[in-house]
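Chemist: Quick one: structure below, then a few questions.
The values are calculated or read from the model by the stated rules, or taken from the named source; none is laboratory data. All figures in this text were calculated on a predicted structure; none of them were measured in a lab. Here the Cβ positions follow ideal geometry from the backbone for every residue, glycine too, while neighbour counts run over all protein chains shown.
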Amino acid sequence: MPDLSVVVPVHNERDNIVPLLTEIAAALRGKVDFEIVYVDDLSRDDTLAVLTAAKAQFPELRVLRHLEQSGQSTALRTGIKAARGAWIATLDGDGQNDPADIPKLIAMRDESQTSSNASAIKLFAGWRVNRQDSGSKRWASRWANRIRSNLLKDETPDTGCGIKLFERAVFLDLPYFDHMHRYLPALTQRAGWQVKSVPVNHRPRGAGVSKYNNLNRALVGISDLRGVAWLIRRSKRTAVEEL
């Protein structure tokens, strides 16, 4: 069984597939026992054909395909449920996350094992300190992060960054809903675990087009924020002992 599963959801990303796979392999081969799980969310281009052909070049690659387009959160959950590693690293399929940061997150996790609260830190979240997006997208994200932080008190500067490292069992214990991937820090904290934000690299999109715009993110975000805030208010945890 691999120690790490790298999960990448994709939709119409055919030109970013092989470059990103090459970078993942370069970053992890010889450093950790890993697999790569791509989930094709019913792409309309030949993403699936490119992925299938890439399996010959990348023996670590597994390919899953949705039979109905279901969105990024569902694609992530599909990949994580199918993953065999105890720890999961996620990347956006557009190539803007740098796979070279995965070993950095792993090192941060291993370093934390020496601290007194090591077992409590279950999510290492990427923090894009130098975002390579349009000005309007950066502006919208700053305001969204500010509103979310004030409402949810998750103390996380960048919940939208696609690169994260977390324990698989913890993720599968979180409540599932569409767009939940934007609230992983708050949901992880709700479950009683700690989150550590780690500065990571961010790059311009190399090919293809973004699947989101500021309006549709805002409209969905308003409803989701209210829902996550309700989940946090209704959360109840208790210590358990076996007799």
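Conditions tested, residue by residue: (1) under 20 Å from LYS153 (Cβ atoms); (2) among the polar types (S, T, N, Q); (3) touching a strand residue (DSSP E or B) at 6+ places or on another chain (Cβ under 9 Å).
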position	(1), (2), (3)
LEU165	no, no, yes
ARG168	no, no, yes
PHE177	yes, no, no
TYR183	yes, no, no
ALA186	yes, no, yes
GLN189	yes, yes, yes
TRP193	yes, no, yes
ARG203	no, no, yes
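Chemist: Among the residues of region 24-37, is any charged (D, E, K, R), in contact (Cβ under 8 Å) with a residue 12 or more places away in the chain and touching a Phe, Trp or Tyr at 6+ places or on another chain (Cβ under 9 Å)?
Modeler: No, there is no match, as no residue in region 24-37 is charged (D, E, K, R), in contact (Cβ under 8 Å) with a residue 12 or more places away in the chain and touching a Phe, Trp or Tyr at 6+ places or on another chain (Cβ under 9 Å).
Chemist: Of everything in region 134-170 that's assigned to a loop (DSSP other than H, G, I, E, B) and over 16 Å from LEU105 (Cβ atoms), which residue is modelled with the lowest pLDDT?
Modeler: If we take residues in region 134-170 being assigned to a loop (DSSP other than H, G, I, E, B) and over 16 Å from LEU105 (Cβ atoms), then SER134 is modelled with the lowest pLDDT.
Chemist: On to the next question. Looking only at region 13-34, which residues are in a helix (DSSP H, G or I) and of a type in the set (Lys, Arg)?
Modeler: We begin by selecting, within region 13-34, every residue in a helix (DSSP H, G or I); these are 14-28.
ARG14 - this is the single residue of region 13-34 that is in a helix (DSSP H, G or I) and of a type in the set (Lys, Arg).
Chemist: Kindly provide the set of residues from region 83-119 that are in a helix (DSSP H, G or I), among the acidic types (Asp, Glu) and touching a residue at least 60 places away in the same chain (Cβ under 8 Å), ordered by number.
Modeler: Residue satisfying the conditions is ASP101 alone.
Chemist: Taking region 171-198 only, how many residues are surrounded by 15 or more Cβ atoms within 10 Å (Cβ to Cβ) and part of a helix (DSSP H, G or I)?
Modeler: Of the residues in region 171-198, 12 are surrounded by 15 or more Cβ atoms within 10 Å (Cβ to Cβ) and part of a helix (DSSP H, G or I).
Chemist: Among the candidates ALA89, ALA53, ALA82, which residue alone is more than 18 Å from the chain's Cα centre (by Cα) and at pLDDT 95 or above?
Modeler: Residue meeting the stated conditions: ALA53.
Chemist: Separate question: Report yes if some residue within region 116-123 is of a type outside the set (Val, Ile, Thr), in contact with a strand residue (DSSP E or B) (Cβ under 8 Å, 6 or more places away or on another chain), at pLDDT below 95 and surrounded by fewer than 20 Cβ atoms within 10 Å (Cβ to Cβ); otherwise report no.
Modeler: Yes - at least one qualifying residue is present in region 116-123.
Chemist: Also: Identify the single condition in (1) over 23 Å from THR159 (Cβ atoms); (2) surrounded by fewer than 22 Cβ atoms within 10 Å (Cβ to Cβ); (3) touching a residue at least 12 places away in the same chain (Cβ under 8 Å) that LEU51 does not satisfy, given that it satisfies every other one.
Modeler: For LEU51, the exception is condition (2).
Chemist: Which pairs have Cβ atoms under 8 Å, sit 6 or more apart or on different chains, and link a residue in region 159-184 that is of a type in the set (Gly, Ala, Ser) to one that is outside any helix (DSSP H, G or I)?
Modeler: Within 8 Å, the pairs are GLY162/THR90; GLY162/LEU91; GLY162/ASP92; GLY162/GLN96; GLY162/ASN97; GLY162/GLY126; ALA169/ALA86.
Chemist: Of all residues in region 1-46, which are surrounded by fewer than 19 Cβ atoms within 10 Å (Cβ to Cβ), among the charged types (D, E, K, R) and in contact with a strand residue (DSSP E or B) (Cβ under 9 Å, 6 or more places away or on another chain)?
Modeler: Residues satisfying the conditions are ASP3, ASP33.
Chemist: Does region 54-82 hold any residues that are crowded, with 21+ Cβ neighbours inside 10 Å and outside any helix (DSSP H, G or I), and which are they?
Modeler: Of everything in region 54-82, just one residue is crowded, with 21+ Cβ neighbours inside 10 Å and outside any helix (DSSP H, G or I), namely LEU61.
Chemist: Let me ask another. Please enumerate the residues belonging to region 50-87 that are closer than 10 Å to VAL37 by Cα and touching a helix residue (DSSP H, G or I) at 6+ places or on another chain (Cβ under 8 Å).
Modeler: The answer is GLU60, LEU61, ARG62, VAL63, LEU64, LEU76, ILE80, ALA83.
Chemist: Would you check if ARG62 is touching a Lys or Arg at 6+ places or on another chain (Cβ under 9 Å), at pLDDT 95 or above and more than 26 Å from THR159 (Cα to Cα)? Let's see the steps before the verdict.
Modeler: Numbers: touching a Lys or Arg at 6+ places or on another chain (Cβ under 9 Å): yes; at pLDDT 95 or above: yes; more than 26 Å from THR159 (Cα to Cα): yes.
Here the answer is yes, as ARG62 does meet what is asked.
Chemist: What tally of residues in region 192-243 results from selecting those that are of a type in the set (Phe, Trp, Tyr) and either within 21 Å of the chain's Cα centre (by Cα) or modelled with pLDDT under 85 (or both)?
Modeler: Number satisfying all stated conditions: 2.
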